[in-house]
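A short worksheet on the structure shown next.
The values are calculated or read from the model by the stated rules, or taken from the named source; none is laboratory data. Because the structure is a prediction, the values reported are computed rather than measured. Here Cβ is always computed from backbone atoms with ideal geometry, including for glycine, and neighbour counts include all displayed protein chains.
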Amino acid sequence: MRRSLAFLFFLVLAGAARLEAHAFLQQAEPGVGSTLQASPNEIKIWFTEKVEPAFSKIQVFAASGQEVDKRDVHVDRADPALLQVSLPQLAAGTYKVVWRVVSVDTHVTEGSFSFHVR
Amino acid sequence: MSDALLIIARSVQIAASLLFAGVFTFEVVALGRVGQSAGDAGHELDRQFFCLALWSLVAALFSALLWFWLVVASMSGSSLGDALSGNAWRMVLLQTEFGRVWQLRLGVIGLALALVAVGLLRKKSRHALTLVLWLLALVLLVSLAWISHAAAVRSQPLGLLGDALHLCAAGGWIGGLLPLAIFLAHTGVSVSLGEPALHVLRRFSALSFCCVGVLVVSGLSNSWLLVGSVAALFTTRYGALLLCKLTLFAVLLGFGARNRGIIRTGLNPTATSPDLLAQLRRDVFYEACLGLAVVAIVGWLGTTPPARSGTSSENRTLTIPSSV
């Protein structure tokens, strides 16, 4: 019985899990470090878990440091792990996306990435 | 500073919720009708249990307010001094999952405080209140799962169910140790335990045995969800804390097994050795201390990123030190 329990314990810990308990960036559009031929209409970031809309945000900055997004950050109604913000027509250049989200277990995560428009 | 405060707030909140649930689980499941038929001694035992419940609720209330304050500061990115002066606390309370759970918890704590106060003032109403308070205690305990790591996982309802069961089992066993100590102090006046008292101890022993089974199964499920690999146990802070918790849990099990042996075979309704009874009381005290240490680790685990988290982001910063 003890051996069975120990084996079960090992199996459980050794098995792969697909769980995240802090919201981290899983995927972004435009992609992290990507180069685009045309200005994107919006920034979409998928997180590893659902985020709190009231305290989650995305900001997009031009190389000059000016914020260029439309400040309409919102969580997708169908997917609570998807945060998005609209963009105006962007000129060629490098842009920095800065995000800060709060997950439902109250943990705060933040990060940034860049993309380029030709 | 806020990290340490948060760990303290979480630990006190969890410990108070476990104790509150443990008191009434002990009354309903282990004590049963024995308490009612024990006359004045039974009423005194009831009064002490209600006092214990009152203090656990006071601790739950203050730690809940502290926890809420720290979360508002963390979510809004403001300092602790400014956290409650603006609109952020309303946003947290009304617009977040944590806030909604907190509304429920504060409501339950308020209602339970009122009922416990009634029970302390009117001893005839205590029996009727016990069942209601037991249900409220379970709601208070289970609602903790909705603000834990388990709430954020994608594998639902497994995450929430596992955590809720884990909390209930911990409440039944660890939370019941202090009521058990009080009960033993009452029965320990005489060397002769008496059949009813022995019956209570045996029922608590059986309850604890079931709780340990639930704790092991739900603990394995939670570990699968939050740790993910054996390597993560040794390479992450979360894993190290979990190993500490498992070590303490193993020692707790040792004490529990010894007590179970004493209760099942050593105690005699008419002639129990005073040494054996003293050992049982000592073991229960050690168990309670170890249980408190486990709860402190659980409070710390709640502020630590799970071992499985955050492997997919190329560019991220986790701001746990300044947050929750």
For A:Leu19, indicate whether it is at pLDDT below 95, crowded, with 18+ Cβ neighbours inside 10 Å and over 28 Å from B:Gln95 (Cα atoms). no
Selection from segment A:93-118 of residues part of a loop (DSSP other than H, G, I, E, B) and more than 19 Å from A:Thr48 (Cβ to Cβ) yields A:Arg118
The lone condition B:Leu277 fails out of (1) modelled with pLDDT of 85 or more; (2) under 18 Å from B:Ala181 (Cα atoms) is (1)
Please verify whether segment B:310-319 includes one or more residues that are within 23 Å of B:Glu195 (Cα to Cα), β-branched (Val, Ile, Thr), surrounded by fewer than 20 Cβ atoms within 10 Å (Cβ to Cβ) and at pLDDT below 75. no
Among (1) among the β-branched types (Val, Ile, Thr); (2) at pLDDT below 95; (3) surrounded by fewer than 22 Cβ atoms within 10 Å (Cβ to Cβ), B:Val72 falls short only on (3)
Report yes if some residue within segment B:228-248 is at the interface with chain A (Cβ under 10 Å from one of its Cβ atoms) and not in a helix (DSSP H, G or I); otherwise report no. yes
Within segment B:117-151, work out how many residues are away from every other protein chain (no Cβ under 14 Å), small (Gly, Ala, Ser) and either free of Cβ contacts under 8 Å to residues at least 60 places away in the same chain or surrounded by fewer than 18 Cβ atoms within 10 Å (Cβ to Cβ) (or both). 3
Answer yes if at least one residue in segment B:237-254 is surrounded by fewer than 17 Cβ atoms within 10 Å (Cβ to Cβ), free of Cβ contacts under 8 Å to residues at least 40 places away in the same chain and not hydrophobic (A, V, I, L, M, F, W, C), and no otherwise. yes
Does A:Ser39 qualify as being farther than 24 Å from B:Gly77 by Cα, modelled with pLDDT of 90 or more and among the polar types (S, T, N, Q)? yes
Where the second residue is basic (Lys, Arg) and the first is farther than 17 Å from B:Gly22 by Cβ and lies in segment B:192-221, which pairs have Cβ atoms under 8 Å and are six or more apart or on separate chains? B:Arg202/B:Arg264
Which of (1) more than 8 Å from chain B (Cβ to nearest Cβ); (2) in a strand (DSSP E or B); (3) aliphatic (A, V, I, L, M) is the odd one out, the single condition A:Leu90 does not satisfy? (2)
How many residues does segment A:103-118 hold that are among the β-branched types (Val, Ile, Thr), touching a Ser or Thr at 6+ places or on another chain (Cβ under 6 Å) and at the interface with chain B (Cβ under 10 Å from one of its Cβ atoms)? 1
Residue in segment B:77-96 that is within 22 Å of the chain's Cα centre (by Cα) and buried (at least 16 other Cβ atoms within 10 Å of the Cβ) present: no
What do you reckon, is B:Tyr286 modelled with pLDDT of 80 or more, more than 8 Å from chain A (Cβ to nearest Cβ) and crowded, with 20+ Cβ neighbours inside 10 Å? no
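Only helices (runs of 4 or more DSSP H) wholly contained in segment B:28-113 count here; list those with 2 or more residues that are of a type outside the set (Lys, Arg) and either more than 18 Å from B:Val132 (Cα to Cα) or within 12 Å of chain A (Cβ to nearest Cβ) (or both).
Fully inside segment B:28-113 and qualifying: B:39-76, B:88-95.
Would you point out the residue of segment A:33-49, among those that are assigned to a loop (DSSP other than H, G, I, E, B) and more than 10 Å from the chain's Cα centre (by Cα), that is surrounded by the most Cβ atoms within 10 Å (Cβ to Cβ)?
A:Pro40
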Yes/no for A:Leu82 being under 16 Å from the mean Cα position of the chain (by Cα), more than 27 Å from B:Trp89 (Cβ to Cβ) and more than 10 Å from chain B (Cβ to nearest Cβ): yes
Suppose the filter is within 13 Å of chain A (Cβ to nearest Cβ), under 15 Å from B:Gly256 (Cβ atoms) and in contact with a His (Cβ under 8 Å, 6 or more places away or on another chain); does B:Leu215 pass it? yes
